[in-house]
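A short write-up of the structure that comes next.
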Amino acid sequence: MTTPQDDEPAAAFVASPAQKQRRECRATVHAACLYEACEFVNDGHLILLQGRAIMLNRSAHGVSLFTSVALRVGQTIELITPKPWRRRSVNLFEVRWIQLQAVRRQHRLYRVGCSLLFGPLHYWIL
């Protein structure tokens, strides 16, 4: 289990157990994409998060990303990728695991494993 920094909740950091990792074929991608996520807070307000991510690889049922923000396990995110013909389709993913990647003291990267909830992931041409 990765140790979080002082300003981040410990529940957000979950390493992916080897026995639960997928055994399906993965394609290395290394493509920039955008993400959007919703966060509900205790008083009933909704916070919209937007950011950039780097897609590391993809499979028929999920993706692996680098983000600069620690998303939460179980959180639903929308990935927006560059598509041919300037079409936009909805691609919803559930965050399954998060690992803090040590880069520098001021800059943190998080490797995020996501499973596909909805969308035409198998049609992506990157």
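The values are calculated or read from the model by the stated rules, or taken from the named source; none is laboratory data. These figures come from a predicted structure and were not determined experimentally. Neighbour counts are summed over all protein chains in view; Cβ atoms, including those assigned to glycine, are modelled from backbone coordinates with ideal geometry.
Inside segment 41-64, can you point out the residues that are within 10 Å of the chain's Cα centre (by Cα) and under 18 Å from P120 (Cβ atoms)?
M55, G62, V63
Regarding G113, is this residue surrounded by fewer than 16 Cβ atoms within 10 Å (Cβ to Cβ), under 16 Å from E36 (Cα atoms) and at pLDDT 85 or above? Full working, then the answer.
Working: surrounded by fewer than 16 Cβ atoms within 10 Å (Cβ to Cβ): no; under 16 Å from E36 (Cα atoms): yes; at pLDDT 85 or above: yes.
No: the conditions fail for G113.
Might you check whether a residue that is modelled with pLDDT of 60 or more, among the small types (G, A, S) and in contact with a Phe, Trp or Tyr (Cβ under 8 Å, 6 or more places away or on another chain) occurs anywhere in segment 65-83? Outline the logic, then answer.
Applying the first criterion (modelled with pLDDT of 60 or more) to segment 65-83 yields 65-83.
Right, trim to among the small types (G, A, S) and you get 68, 70, 74.
Adding the requirement that they be in contact with a Phe, Trp or Tyr (Cβ under 8 Å, 6 or more places away or on another chain) leaves 68, 70.
Looking for residues that are modelled with pLDDT of 60 or more, among the small types (G, A, S) and in contact with a Phe, Trp or Tyr (Cβ under 8 Å, 6 or more places away or on another chain), one finds at least one in segment 65-83, hence yes.
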